[in-house]
Amino acid sequence: MNHPSAGSEWTLEEKLRSIREAGFDGVCWAPIPGLAEGLRRYGLIFVGGMASANVQDFAGLLRDLKDAGALHINVQLGRHDTLTPEALELTVALMRTARQFHVFPAIETHRDTCTETPEKTMALAEAYQQTMGERLSLSWDFSHFAVVKHLLTKDLSPRLLTRPDLVRHAQQFHFRPFNGHHVQVPITQDDGQLTPEVHDWIPFAKAVLGCWLEGNMESGREIFICPELGPVEGGYALSAFRNSWEEAKVLRVLIDRLWAETLAEFEDHPEVTRR
């Protein structure tokens, strides 16, 4: 958004070409004109995105996403005041409608939705499992929960990974480095090195990857990790932060390294996968 500036924003073609050249595998967004064709041209995966609190909109939104090439879909569901009974109705309707289109939505843990706090998310997950007899598919963005609880860095894993079954069941993760007071922290310093805040976040990132691998090492399932760095306009970045796109490219390389390190640890100790 607004890159390199609001007055001279790149075209969609320039964005997709740069995404491909930077080594990314795909894009997560809502359908927009030209996107599906551009993704095919550059060989990029499309993870769809939608936001709704209206059951009547689900079929149209999911159809548009399927037509645009999405299989997995990130969903921001409901509003901040959506309570669990209504959230359950929305979720059941969403999942049933999605089966008609053979797509796989995941409910994002996100501000201003029915999953804006850990308590509301777990209540929904429990209600959904009791009703449908299956685990709820979540798109995990742990940064919102950390800020809600103002967690210390040492408490991230013990407080945020309390449902490893839901982490292992998920396929979508938003890896935006954060701490207990900032949903997004700067990635690099002026000298190009990673910030201390990112170094503090790395153990938690590896714990998430390790948790997921523990349940999926032999499953053949895909994991989609979005190095999501919001711009100033979305309230994520601050005006003093470095450019979000340039930082995202650094973060992609870091996440690749963390994945490789965590995977190697499992391959070196195969007994871990049997726990």
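The values are calculated or read from the model by the stated rules, or taken from the named source; none is laboratory data. Here the structure is a predicted model, which means the values were calculated and not measured. So basically every Cβ, Gly included, is an ideal-geometry build from the backbone, and we count neighbours across all protein chains shown.
Structural remarks
- Taking first residues from segment 1-28 that are more than 24 Å from Phe104 (Cβ to Cβ) and partners that are β-branched (Val, Ile, Thr) and in a helix (DSSP H, G or I), no Cβ contact under 7 Å between residues at least 6 apart in sequence or on separate chains turns up.
- So Val198, is it among the β-branched types (Val, Ile, Thr), crowded, with 18+ Cβ neighbours inside 10 Å, out of contact with any helix residue (DSSP H, G or I) (no Cβ under 7 Å at 6 or more places or on another chain) and assigned to a helix (DSSP H, G or I): yes
- Among residues of segment 102-112, those that are without any contact (Cβ under 8 Å) to a residue 60 or more places away in the chain, crowded, with 18+ Cβ neighbours inside 10 Å and in contact with a Leu (Cβ under 7 Å, 6 or more places away or on another chain), counted: 3
- Matching residues, segment 78-88, being assigned to a loop (DSSP other than H, G, I, E, B) and not polar (S, T, N, Q): Gly78, Arg79, His80, Asp81, Leu83
Conditions (1) in contact (Cβ under 8 Å) with a residue 60 or more places away in the chain; (2) of a type in the set (Gly, Ala, Ser); (3) more than 21 Å from Leu77 (Cα to Cα), marked per residue:
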site: Thr153; (1), (2), (3): no, no, yes
site: Leu160; (1), (2), (3): no, no, no
site: Gln171; (1), (2), (3): yes, no, no
site: Asn216; (1), (2), (3): no, no, yes
site: Arg242; (1), (2), (3): no, no, yes
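- The residues on offer are Ala98, Ala68, and the sole one that is crowded, with 20+ Cβ neighbours inside 10 Å, among the small types (Gly, Ala, Ser) and under 20 Å from the mean Cα position of the chain (by Cα) is Ala98.
- Flag for Phe173 being within 17 Å of the chain's Cα centre (by Cα) and aromatic (Phe, Trp, Tyr): yes
- Residue in segment 240-247 that is surrounded by fewer than 18 Cβ atoms within 10 Å (Cβ to Cβ) and farther than 23 Å from Ser18 by Cα present: yes
- The numbered conditions (1) farther than 24 Å from His169 by Cα; (2) buried (at least 17 other Cβ atoms within 10 Å of the Cβ) are all true for Cys226 except (1).
- Index of the failed condition, Gln56 passing every other in (1) closer than 25 Å to Glu246 by Cα; (2) without any contact (Cβ under 8 Å) to a residue 24 or more places away in the chain; (3) exposed (fewer than 13 other Cβ atoms within 10 Å of the Cβ): (1)
- Given (1) at positive phi; (2) in the same structural domain as Ser219 (by TED's automatic domain parsing), number of the condition His102 does not satisfy: (2)
- The single condition from (1) under 19 Å from the mean Cα position of the chain (by Cα); (2) of a type in the set (A, V, I, L, M); (3) loosely packed, with under 14 Cβ neighbours inside 10 Å that Ala237 fails is (3).
- In segment 123-176, the residues that are over 19 Å from Leu88 (Cα atoms), assigned to a loop (DSSP other than H, G, I, E, B) and among the hydroxyl-bearing types (Ser, Thr, Tyr): Thr162
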